[in-house]
Amino acid sequence: MNLPGKLPQILRTTLLGPPGASQAFDFSLTAPQTEVAVWLHGVGAPRDVTGCHSVACPVPFMVCVGWEEPEPELPSHNHRASLRFYERRGEKRLLGEIKLQQQSVVLTSGPRLHLYKATGCTNFYLPRLRRWARSLYAARERWKNRGSGRMEVSSLDSRCNEAIFSCPRPVVLVSTLEGDRSNLFPMNLMGPVGREYFAFALNSKNHAAPLVDQIARLAVSTVPFEKADQVRQLAKNHHVSSVDWSQLPFDTHLSRTLLIPVPEFALTVREMKIEHSYPLGSHTFFVARVVDRTLYTDAPEFHRIHGLYAGSRNA
């Protein structure tokens, strides 16, 4: 055994975690997930927002929280708050905390949507030494990539991504169609934000975001876990202007209200109309009103969590 030759890899694994641990981890869950709870602190009494928040933009990291009930008086329009992530089972440990500052409020016919920008983040499921080592490693990588033209992802944005994906996020298929323009692609930066309202974020540089913005009608389909491979293969459609539906590896049928093609294996289909869209940074943030919801069958869905949390969860 060549121990000296293996020392760099052993040291890297000890400090940063196993190779590939930063990648998404796929697993099966019945919705709504009951693994992790998300609580909003700093706006009146702590409030469970597991089912009414969404990522608004990854870079800079922003999150949307929906309010339907009367809100407490706030000290200022740009008040500070935090999202905390707790395991629901076992020791119910605190997994992470994202510190927030409110940026704006989006008014709808239903909930008020508060947009917050991250100002700090700690992932408690990682040992303190590993958190410190990963921050140093990320700073080194940013220094190496300076001037490369790549989008710069800050250490804060990376830590927020690790924290937000400690909470399982479903991966869905989005369909949109108008005339000869159409697309079908996967998405997981999204979530319900109140009664009949849904929010999501799409990369502004890809073709899918402007197409959805222009058509403003879409169907969001949850999918069974066993179709995860087929769903991942459609990620390339984010970069195309339109799709050939006859070339899909599965059949489709039309949604009930908006008559948009959806996968034949869809578990639940939400049909939506876009009411607002905002360019926030790397992504465009969309607010949509759900006009119909069809439950076809109840089965475990394709979800993702962060690979670092997956390693901690299975330890």
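The values are calculated or read from the model by the stated rules, or taken from the named source; none is laboratory data. If you're wondering where the values come from, they're calculated on a predicted model, not measured in any experiment. Positions of Cβ are backbone-derived with ideal geometry, glycine not excepted, and every protein chain shown enters the neighbour counts.
Condition check: surrounded by 11 or more Cβ atoms within 10 Å (Cβ to Cβ), closer than 30 Å to T222 by Cα and at pLDDT below 55. Does A56 satisfy that? So A56 fails the test. Going residue by residue through the range 218-227, is there one that turns out to be acidic (D, E) and under 28 Å from S282 (Cα atoms)? No; the residues of the range 218-227 include none that is acidic (D, E) and under 28 Å from S282 (Cα atoms). One residue stands out among those in the range 301-315 that are part of a helix (DSSP H, G or I) and hydrophobic (A, V, I, L, M, F, W, C): the one that is modelled with the highest pLDDT, which is A310. Screening the range 225-300 for strands (runs of 3 or more DSSP E) wholly inside it with 2 or more residues that are more than 16 Å from F200 (Cα to Cα) returns the ranges 252-254, 261-263, 283-295. Kindly check whether there is at least one residue in the range 253-267 that is at pLDDT below 95, of a type in the set (G, A, S) and over 27 Å from P58 (Cβ atoms). No. Among the residues of the range 37-61, those that are more than 20 Å from R93 (Cα to Cα) and part of a strand (DSSP E or B) comprise H53, S54, V55, A56, C57, P58, F61. So is R140 closer than 30 Å to H276 by Cβ, of a type in the set (K, R) and at pLDDT below 95 or not? For R140, the condition - closer than 30 Å to H276 by Cβ, of a type in the set (K, R) and at pLDDT below 95 - is not met.
For the range 26-55, a residue qualifies if it is β-branched (V, I, T) and in contact with a Lys or Arg (Cβ under 8 Å, 6 or more places away or on another chain), and the qualifying residues are T34, V36, V38. If the condition is being surrounded by fewer than 12 Cβ atoms within 10 Å (Cβ to Cβ) and of a type in the set (D, E, K, R), then the range 233-260 contributes K236, D244, D251.
Taken together, the residues in the range 278-312 that are without any contact (Cβ under 8 Å) to a residue 60 or more places away in the chain and farther than 24 Å from T108 by Cα amount to 3.
Specify the residue that is nearest to E91 (Cα to Cα); the eligible residues are those in the range 1-36 that are among the hydrophobic types (A, V, I, L, M, F, W, C) and at pLDDT 80 or above. Checked the range 1-36; the qualifying residue nearest to E91 (Cα to Cα) is V36. Residues in the range 271-298 that are within 18 Å of the chain's Cα centre (by Cα) and not hydrophobic (A, V, I, L, M, F, W, C): S277, Y278, P279, G281, S282, H283, T284. A residue that is hydrophobic (A, V, I, L, M, F, W, C), more than 25 Å from A310 (Cα to Cα) and either assigned to a loop (DSSP other than H, G, I, E, B) or at pLDDT 90 or above (or both) occurs nowhere in the range 117-131.
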